[in-house]
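**Student:** Handing you a structure now.
Bear in mind that the values in this text are calculations on the coordinates, not laboratory data. Please read all numbers here as calculations on a predicted model, not as lab measurements. Cβ placement follows ideal geometry from the backbone for every residue including glycine, while neighbour counts extend to all protein chains displayed.
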Amino acid sequence: MISLSFKYLTLFSMSFAIGLSANALESLTEEGLDSITGQNGVSLSGELTFNEDGGPLTSADVGNIDPNDASIVWGSCTEKQALTADRCGARLAIKPNDTDGWLALDELQGSVSFEGLTLRARDIEATDNFGGDEDEAGITGKTVLEIGLPSEVKFNDFSYSYVTSTQGRPTDTGYQEQVRHGVDFNGSVQMQGNILVFPVGNP
Amino acid sequence: MKKIGLLLLPFISVVQADLVGLDETSMETVSGQTGIGVNFDKLITVGSITYSDNNGSSGGDLQYSDIKIGSSLDVDTTPAFSQHLINVDGNEGLFIDSLFESTRIQVGGISVGSHIGSRSFGQYSFDFEGTNLIQISNASPTGFLINTTTSFENVGFQWTTNGNTFRVDGMTIDTILSDAVFEEKSIDVSTTALVIDIPSYSADVSIASACFSASACITENSLGSFSRSLNLINSQIQIHGGGREDVGITFNGHFEFDESVNLIGDGNVSTYTDESTVKFAKQSGVIDIAGFTFDIGTGNAVLGDHIWTQFDQVSGNFKVGNFEIAGNSVGEFEMIFDFSDGTHDTVDYVNRTLIAPGIAFAGQNLDAIDPFMTSFYNKVISTSDGISLFNEWNLQADFVYTDDSHSIRIDNYQTYGSGYVTLDLRSGGANSIDATNGTESFLAIGVKDYRVNYSFDGLKVGDESSQLQTGYELLGMSPQASFTINAAIEIRGGGANGSGVTFDGDVLLNDANFAVTRNASTGNGIYLDNAMYEFHFRDVTMDVDTQGIQLVLGELWSEFTINDVRFGDSTTGSSLGALIVKQYQTGSKVTISGGGAGIAKCVGGTGTDLASCDGNWIDPETQGLTVTTQTMLQKRNGSKENSVTWETNRSAGVIGTGTALKVDNIYTTDGYDDTANTHGIQTTTSIDVAKTRVLKKNSGTDTNGVSGAEGSELIMDAGETAGYKYVVAPTDLEKADRPEGLIISNNVQIKELNIESVNMIHQNATAPMLHGVKLQNLNMSSTLSVTPIR
């Protein structure tokens, strides 16, 4: 189990481009807040819970059999604890090439809560300060989507495994997997800063 | 009234009248001891009745032709019987107590101006039987004092075009008009009008069934049943001569709902009942109508001669005190509205409707819009009966939704636009946009060049003085949009289960611009510019049962092409490139039900009540709205598919010339193979307004000048200038004064979601980046509270 608690994850002076979009991370200051007029945007607080007691695939499903040992693959988390089902979490698998196997985030479970995530369209003024990166990013005068990082993110038994597998589904014939690592988060992350998203380049 | 001609063309009538003795039993409310009785056996045929406001330079004729009055059993051969008992009392005036046996009033055609003789609005008939008592006496100091009590039953209505009929069966109408004063008096320095003061009026109307059939409705083809109870007080109608253009008629009105009837039961209420009931209860409000005019217009380039209605202003407020779906309350809805003239982008918009007979676009080649429009209008001809409308509007409004006494407002909603709509009745698969449909009749609605513009500033949670915020994005609402609609829509009676409604349609929205989010003060935001959304739906049914409003979506396919996703100005902001989203579903379902999440919870913490919760205690109470969906994404079938394409680096911004990233062939399955697909993506979303915790993000002063320490809690306090303060460690009493927020609770369940491939595409050359994606066994729940940035 890993417990994380960063007092300040202050993110600034960093921009990166994915394709033709760009994201800039900006430290949040009181001066920056002055430009928030209250006429725009929204503040979100909430909680996301994944597979608290399993997902919609159930132990009673036809075809829900491990091809290797004939055990029940999918079930509730109660059944998993009782060792009558192998899994109860969500699984996201991708196949990066045509001939080889799959990469997967497996057995995704747990909850994440946060307070004060903000979203708004923001016009970047010449007086806005991004630690000197604003000219390089070329965003002065632009409208950006500002994602204000939540002041605190709490993880409660948030866990997943990173696996490689031969098939997409654990119930597929010939399925074999190798767990590369597992992660279990408990604790909180405190954040400060904004992510700015805006277009650059030829659309 | 200047010149209003009423021309009775030659008619044939058979009227037999007998004088009979006064029946005291049926004259219980008549205090006088003298009177006469008249029995009528009516079999009347009128060639035509024409209303004309033609004064030689403007105006035209409105003609009702082939009018017949007779028995509902056979209007051609059987007389309709009525008895009228007439009494005059020295103190209480004239009484006429009437009994109508089964009677039909039938109109063979209604047409306007140059359309007369070639095409009409269709044929209409009205059946009724019942009683009517009218009392007329002198009002003080002037005018007539009129009381009426009307009770009709077995009322029916039929509208027929081109041999196909829409009918309303089993209607009852009960009305009471009390102490209405009719008098002619000056309403301004130059106008004298008939003024009707209505201290009290009530009307109860119920409709057993409505359907598209020449025969009596049956459950399988019925649209459902309806009822309406309306009580007005302190209302007034003014009628005077002179229309928008020379001769015509002008109305003004003031209508006030009687709220006292809402204290017990449903009060003023409208209901729609299928297997279960949707109810709009405890209605209240005041509506003022100024300068509503009625003219006969001529020479419209599209409609030709037409009925022309227009008003200067309709304003007021209308509230539904309890909106209920299948017995579960959603909450209150209120609309504060003002329809009046306005100017947008130098174009003047008025509130008017032009109505012409026939189908204005019949037989036209509309391929330039979309071939489905040509096909739709090729199924009628230039002489087909029907209704063609041109509508233009300008509206400003606020909408308020109140959930368990907590309110959210859509602030400063403005809309304007104009366009054409046609209505006619058709039958059979060959005349349908879906040839697999049966022989039944249906309502065909055509929409052509309907330009819609709207915007609103944002949401306010609480009252009108609350801080503006977004959050509409999370509800799938665009805060600003403009688009042109062309559509062909068919409506049939009967749902997935018994009565209900079935829809088929092809819809095209083009020349569109949608805001995703925007700053209401600067107008800058994120916009979907130069967009086109074409969607098609087949066999979509709507029913109301104990679960709520059920939509079974049959087959849906669509393509949403966004030429530019813009940041900044709506049409000139920096572009992120083009986005193309295609959808293909069959068998998807949507259920809309009353009641929100319903269960209080400690979000982000533990605890069983407000005091013990160390996170955010959210209690959505009982009212609210819950939407459940089951989305069945299907594999690619020809050009129908589920995919998302993002394209950039285009030549002159033309789609198809750049480099694209395509998430291709997205579909759902049941988790064990690529064939079974019965689960889809299942979501349950509840929307509530409730109190929520808001923590200060940074120490210092916020945008409203209120200071507080980081992590302190916002507590509402009317004694503070800004209406709130920050408290480091609030007491339980202070926690009870947390601010209100929009609460969105959601659960998503997916057995398996597949993406066949993720491809890079450049000039028709495709290179796969991923050869498959599978998301399995997802069960994600979320609770979001949405508040303004302070």
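**Student:** I'd like the distance between the alpha-carbon centres of the stretch B:482-559 and the stretch B:261-295, rounded to an integer number of Å.
**Tutor:** Result: 26 Å between the Cα centres.
**Student:** A follow-up question, please. Could you work out the equivalent-ellipsoid semi-axes for chain B, taking the square root of 5 times each eigenvalue of the Cα gyration tensor, largest first, in whole Å? Walk me through the intermediate numbers first.
**Tutor:** Working: eigenvalues 532, 246, 146 Å².
So the equivalent ellipsoid measures 52, 35, 27 Å along its semi-axes.
**Student:** Could you tell me which of rounded, prolate or oblate describes the stretch B:68-126, using a ≥ b ≥ c as the square roots of the eigenvalues of the alpha-carbon gyration tensor, with rounded for a/c under 1.5 and, failing that, prolate when a/b is larger than b/c and oblate otherwise? Provide the component values of the computation, followed by the final result.
**Tutor:** On the way: a/c = 5.05, a/b = 1.94, b/c = 2.61.
Oblate.
**Student:** What list of ³J(HN,Hα) values in whole Hz, one per residue of the stretch B:430-437 in order, does the Karplus curve 6.51 cos²θ - 1.76 cosθ + 1.60 (θ = phi - 60°) give from phi, with Gly and Pro shown as x?
**Tutor:** 5, 9, 9, 6, 10, 5, 7, 5
**Student:** Reachable aspartates and glutamates from residue B:640, Cα under 15 Å, same-chain residues fewer than 8 places away excluded?
**Tutor:** B:506, B:534, B:555, B:559, B:664, B:756
**Student:** On a 20 Å Cα-Cα criterion, which of the cross-link pairs A:95/B:662; B:589/B:774; B:635/B:662 come out too long?
**Tutor:** Among A:95/B:662; B:589/B:774; B:635/B:662, the Cα-Cα distance tops 20 Å for B:589/B:774.
**Student:** Where a ≥ b ≥ c are the square roots of the eigenvalues of the C-alpha gyration tensor, would you call the stretch B:274-383 rounded, which needs a/c under 1.5, or, failing that, prolate if a/b is larger than b/c, or oblate?
**Tutor:** Here the stretch B:274-383 falls in the oblate category.
**Student:** In whole Å, what is the distance between the alpha-carbon centres of the stretch A:151-198 and the stretch B:199-233?
**Tutor:** Here the answer is 57 Å between Cα centres.
**Student:** Further question: Could you calculate the FRET efficiency of residue A:99 with residue B:675 from 1/(1 + (r/R0)^6), where r is the beta carbon distance between them and R0 is 22 Å, rounded to 0.05?
**Tutor:** Using R0 = 22 Å, I get an efficiency of 0.35.
**Student:** Taking beta carbons within 10 Å but only from partner chains, what does the mean come to for residues A:110-117?
**Tutor:** Mean partner-chain Cβ count within 10 Å for A:110-117: 4.
**Student:** Right, another one. When you look at the Cβ of every residue in B:598-604, what mean number of other chain Cβ atoms sits within 10 Å?
**Tutor:** Across B:598-604, the average partner-chain Cβ count within 10 Å equals 3.
**Student:** Could you work out the relative contact order of chain B? I mean the mean sequence separation of Cα pairs under 8 Å and 6+ apart, divided by the number of residues, in percent. Each step should come with its number before you reach the end.
**Tutor:** Values: 2489 pairs, mean separation 52.2, N = 790.
Result for chain B is 7 percent.
**Student:** Would you calculate, for the protein assembly as shown, the mean residue ellipticity at 222 nm contributed by helices, counting each DSSP H stretch of 4 or more residues as -39,500 (n - 2.57) and dividing by all residues, to the nearest 500? Intermediate results must be reported in sequence, preceding the final value.
**Tutor:** Details: 5 runs with 25 residues, N = 993.
Calculated from helices alone, the mean residue ellipticity at 222 nm is -500 deg cm²/dmol.
**Student:** Something else now. Based on the Cβ-Cβ distance of residue B:246 and residue B:473, what FRET efficiency does E = 1/(1 + (r/R0)^6) give at R0 = 45 Å, to the nearest 0.05?
**Tutor:** 0.35
**Student:** Suppose the chain between residue B:144 and residue B:178 were pulled fully straight at 0.36 nm per residue; how much longer would it get relative to their current alpha carbon spacing?
**Tutor:** So the chain would gain 11.0 nm between residue B:144 and residue B:178.
**Student:** Please give the Cα centre distance for the stretch B:451-479 versus the stretch B:301-376, rounded to the nearest Å.
**Tutor:** First find each Cα centre; the distance between them is then 22 Å.
**Student:** Is the stretch B:220-271 best put as rounded, prolate or oblate by its Cα gyration tensor, with a ≥ b ≥ c the root eigenvalues, rounded for a/c under 1.5, and otherwise prolate when a/b is larger than b/c, oblate when not?
**Tutor:** Oblate.
**Student:** Give the relative contact order (percent, whole number) for the stretch B:321-448; include only Cα pairs under 8 Å separated by 6+ residues.
**Tutor:** Once normalised by length, the contact order is 23 percent.
**Student:** Next question, about the same structure. Report the normalised scattering of the protein assembly as shown as log10 I(q)/I(0) at q = 0.05, 0.08 Å⁻¹, calculated by the Debye formula with identical scatterers on the alpha carbons.
**Tutor:** Taken in order of the listed q values, log10 I(q)/I(0) reads -0.39, -0.96.
**Student:** Among residues other than residue B:123 whose Cβ falls under 10 Å from its Cβ, what is the net charge (Lys/Arg +1, Asp/Glu -1)?
**Tutor:** It works out to a net charge of -2.
**Student:** A follow-up question, please. What's the FRET efficiency of residue B:341 with residue A:129 using the Cβ-Cβ distance as r and R₀ = 41 Å, to the nearest 0.05?
**Tutor:** It comes out at approximately 0.30.
**Student:** Using the Cα atoms of the stretch A:122-194 to build a convex hull, what is its mean projected area in square nanometres? Each step should come with its number before you reach the end.
**Tutor:** Values: hull surface 34.5 nm².
Hull-based average projected area comes out at 8.6 nm².
**Student:** Moving on to the next point. Measure off 7 Å from each Cα along the Cα-to-Cβ vector at residue B:364 and residue A:164, then give the distance between these two points in nanometres to one decimal.
**Tutor:** About 6.4 nm separates the two model spin labels.
**Student:** How much length is gained if the chain between residue B:191 and residue B:734 is pulled fully straight, taking 0.36 nm per residue apart and subtracting their Cα-Cα distance, in nm to one decimal?
**Tutor:** Values: separation 543, 0.36 × 543 = 195.48 nm, distance 6.04 nm.
Gain on extension, residue B:191 to residue B:734, equals 189.4 nm.
**Student:** Looking only at GluC sites (Glu not before Pro) in DSSP loops with at most 15 other Cβ atoms within 10 Å, what is the longest site-free stretch of chain B?
**Tutor:** Working: sites that count: B:28, B:464, B:710, B:720.
Here the longest segment lacking exposed loop sites spans B:29-463.
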